[in-house]
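Asker: Dumping the structure here so I can ask a few things about it.
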Ligand SMILES: Nc1nc2c(c(=O)[nH]1)N[C@H]1C(S)=C(S)[C@@H](COP(=O)(O)OP(=O)(O)OC[C@H]3O[C@@H](n4cnc5c(=O)[nH]c(N)nc54)[C@H](O)[C@@H]3O)O[C@H]1N2
Ligand SMILES: Nc1nc2c(c(=O)[nH]1)N[C@H]1C(S)=C(S)[C@@H](COP(=O)(O)OP(=O)(O)OC[C@H]3O[C@@H](n4cnc5c(=O)[nH]c(N)nc54)[C@H](O)[C@@H]3O)O[C@H]1N2
Ligand code: SF4
Ligand SMILES: [Mo]
């Protein structure tokens, strides 16, 4: 097997070689060219990282974070060996000792309190790790508990729930066709900083600029004049939390003015149009004007522009999902795309066809069981299950509240909930109350300092990569596998081995459990469902035979699973049935990736609703419009409201230990409009006190007119100066945690997602 790391650049001297790798730090998935130098001892070191100009998707684009894979790999604070907490101190131990500790203590908790006393929190980087992505399912099953939590309920869960009701599958997410659209309406997203989310598009900024260069229009709806708003044709400064009202009014205008037109393609597959039209009839632009702060004339004009554009797409992200009405806003985004005839057509909002692991490219096509929530409820507050998990904001109370089913043991994988989820101090305290906490993480940080055992995965450069999850939301159908760039240290397990072994120990196996057993089971399960799928090219084949074929040459782990998923996927070789189709070996021969073209129309086969239709008016969402209507007077009345923001050089909470990314002016500042500064007696650079129902922090003021008066903005992921962390750089740039202000009780009830934007606050000089 040749790996990309073996492929020398044309100008390579004997000591220099190039490796190509997809950046795993954000959803954009840029191709990187990594130059390695071999030292005298024969070890390779990263010399330089830059954008891979030949990458079929990113064409050389890179952001300042991409090149810091080197700093992350070399960070002296990055854990290379496990830690076990003894007398309050995290001491380094061997892997054998760590596994002994895990087995002994995990078995003790389960023996005493049962598996339901365990909980798991899966964090965001799991989505960016092939290993964690493909092995975490075994862990969730292995732990045998319904207490599953993840970063999804501080992020995109509303989008999934809306998709579930509309299309029958929560992962069937329409993606704006950035490269072909004539008109893009962006709500609550700032891809100039974030590089995009639930829309995988390397060089998102360049793709937005191209819309305008080809004569199209870009409109940004955001309480802040973000960098994306700066670069747009029009900025609409909405009042936080009111996007659902405004989108309902857009839908209202489309219907009332007779310009709604689904077109024959979508029209043939949509149900509930009349009920939808009736439901939005109340939401006139005039009625929502006070709550949204948007002039009725602007609302009407935008509705007509969307309807009149040759093609148009509406796209919303964090500023729409992490709000009180996140699910309803996500639904209405699709509704507007449908009513303007833009769903599933080039230039509109389309469904990708992922090359590997697509949840909607297999099984019965065109209809299905549909989507529901509420298989179980949380013990303390009775929150319903959504997509197999509970709201993370309920984690603390489930640990702290005594009684049957109290959580006693927690496993975290790639997560930092202490900083990333609503935490008025309650979670921090609760974690200390656990009988056992195990973290799979490479840093001793605000969360893992509470862990009894920390199991560090290898660095990003020591692992193979393929964006199985994120390519489900990509604006082009692309496949790109990256082999590990740097070798493992002796005895160091791969991340999938750590997670799989944990799964087995949770199931009662001993410290010497062999993760290959779980790996074989997972592969067998993938192949069994593939041969059962009537429309798969391997339908009816012998799964054991396919198992042997995909294992030939000794391949195992996530790479082997990926090969199976590629080969049974929509562009796969079907294990010989589709000659010329894609395999992992073929991707190894294409280190810059393989492009399978733009998105193509997928209705109706993409649907999984019981009716086989797009359900435009699901009762759960129609019902939520009453709650929305009732909240509008309050939305209109609120004085000071807090929203978040991202910075290009941050990545949630965990990259502040990279010196080149945090140098310069402090970034954890409270953005305040000058008019508000006068009202509250605040000066630029001086500290301000921000108080919400949940808590209080003090942060330096940054005066700017790039924010709507009455709105302030604080970024999340800061607050590193706590005892017991090993983050030498980050503690010097500590900042404060904005999630001290997020109320654990404030959630979008349809999805369990926390309200992180649109928080009522009081501001004063500190
Ligand atoms: N550099 C960097 N990139 C990242 C990340 C990071 O931390 N740093 N995180 C990654 C992750 S995990 C995600 S999920 C994505 C998120 O990607 P984005 O959704 O693009 O995230 P933000 O950049 O925070 O942009 C959200 C915008 O919503 C606005 N907003 C706040 N409240 C409201 C509201 O009520 N209505 C409207 N219309 N707008 C509102 C904010 O002012 C902000 O400009 O970014 C990813 N990429
Ligand atoms: N107020 C507010 N809060 C927010 C948001 C917001 O906009 N505003 N955004 C929310 C969003 S969108 C998200 S996604 C969440 C993120 O929430 P989390 O996923 O909980 O937090 P991260 O900051 O991404 O922390 C990631 C953790 O994983 C570790 N890590 C990094 N890479 C790897 C790896 O490859 N393997 C393993 N095992 N560990 C790794 C890091 O050391 C760190 O401990 O934050 C949310 N919180
Ligand atoms: S935008 Fe930056 S962090 Fe995101 S994938 Fe590209 S280089 Fe990596
Ligand atoms: Mo996220």
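All of the numbers you see were taken from the coordinates with simple rules; none came from a lab. Note that this is a predicted model, so its numbers are computed, not measured. Neighbour counts are summed over all protein chains in view; Cβ atoms, including those assigned to glycine, are modelled from backbone coordinates with ideal geometry.
Asker: From the Cα gyration tensor of the chain, with a ≥ b ≥ c the square roots of its eigenvalues, which class applies: rounded if a/c is under 1.5, or else prolate if a/b is larger than b/c, or else oblate?
Answerer: Values: a/c = 1.40, a/b = 1.17, b/c = 1.19.
Rounded shape, in that the Cα axes give a/c under 1.5.
Asker: Which percent, to the nearest 5, of DSSP beta bridges fully inside the chain are antiparallel?
Answerer: Working: 43 of 82 bridges.
Antiparallel bridges: around 50 percent, rounded to the nearest 5.
Asker: Further question: Please arrange 199, 63 by counting, for each residue, the other beta carbons lying within 10 Å of its beta carbon, fewest first. Each step should come with its number before you reach the end.
Answerer: Details: 199 28, 63 21.
The fewest-first ordering by Cβ neighbours comes to 63, 199.
Asker: Kirkwood hydrodynamic radius, segment 638-765, all distinct C-alpha pairs: what's the number in Å? Could you put the intermediate results ahead of the total?
Answerer: Numbers: mean 1/r = 0.0660 Å⁻¹.
15.2 Å is the Kirkwood radius here.
Asker: Ranked highest first by average number of other Cβ atoms within 10 Å, how do 418-426, 680-688, 153-161 line up? Display every interim value, and only then the final one.
Answerer: Values: 418-426: 23.7, 680-688: 15.8, 153-161: 27.4.
Ranking, from highest mean packing down: 153-161, 418-426, 680-688.
Asker: With a 10 Å Cβ neighbour count serving as the proxy for reagent exposure, in which order, fewest first, do 122, 335, 84 appear?
Answerer: 84, 122, 335
Asker: For segment 703-748 and segment 580-604, what is the separation of their C-alpha centers, rounded to whole Å?
Answerer: 40
Asker: How big is D, in µm² s⁻¹, for segment 459-611 by Stokes-Einstein at 37 °C and 0.692 mPa s if Rh is the Kirkwood radius over C-alpha pairs?
Answerer: 190
Asker: In whole Å, what is the distance between the alpha-carbon centres of segment 434-459 and segment 646-696?
Answerer: Their Cα centres are 28 Å away from one another.
Asker: Over segment 219-356, what is the relative contact order in whole percent, taking alpha-carbon pairs under 8 Å and six or more residues apart? Each step should come with its number before you reach the end.
Answerer: Working: 190 pairs, mean separation 40.3, N = 138.
Answer for segment 219-356 is 29 percent.
Asker: Moving on. Considering only DSSP beta bridges where both residues belong to segment 638-765, give the percentage that are antiparallel (nearest 5). Don't skip to the end; give the middle numbers.
Answerer: Working: 14 of 20 bridges.
In segment 638-765, approximately 70 percent of DSSP beta bridges are antiparallel ones.
Asker: Next question, about the same structure. Please compute the contact order of the chain in relative form: average sequence separation of alpha-carbon pairs under 8 Å and at least six residues apart, divided by the residue count, as a percent. Before the final figure, lay out the partial values.
Answerer: Details: 1832 pairs, mean separation 149.2, N = 766.
Here the relative contact order equals 19 percent.
Asker: How many angstrom lie between the C-alpha centres of segment 234-290 and segment 29-86?
Answerer: 46
Asker: Over segment 638-765, what is the relative contact order in percent, taking alpha-carbon pairs closer than 8 angstrom and at least six residues apart?
Answerer: Working: 261 pairs, mean separation 46.1, N = 128.
After rounding, I find 36 percent.
Asker: Sort 95, 718 so that the residue with the fewest other Cβ atoms within 10 Å of its own Cβ comes first and the one with the most comes last. If you can, show how the numbers build up before the last one.
Answerer: Values: 95 17, 718 25.
Least crowded to most crowded, the residues run 95, 718.
Asker: What is the Cα coordinate range of segment 90-223 on the first, second and third principal axes, sorted by size from largest, in whole angstrom?
Answerer: The principal-axis extents, from largest down, are 65, 38, 28 Å.
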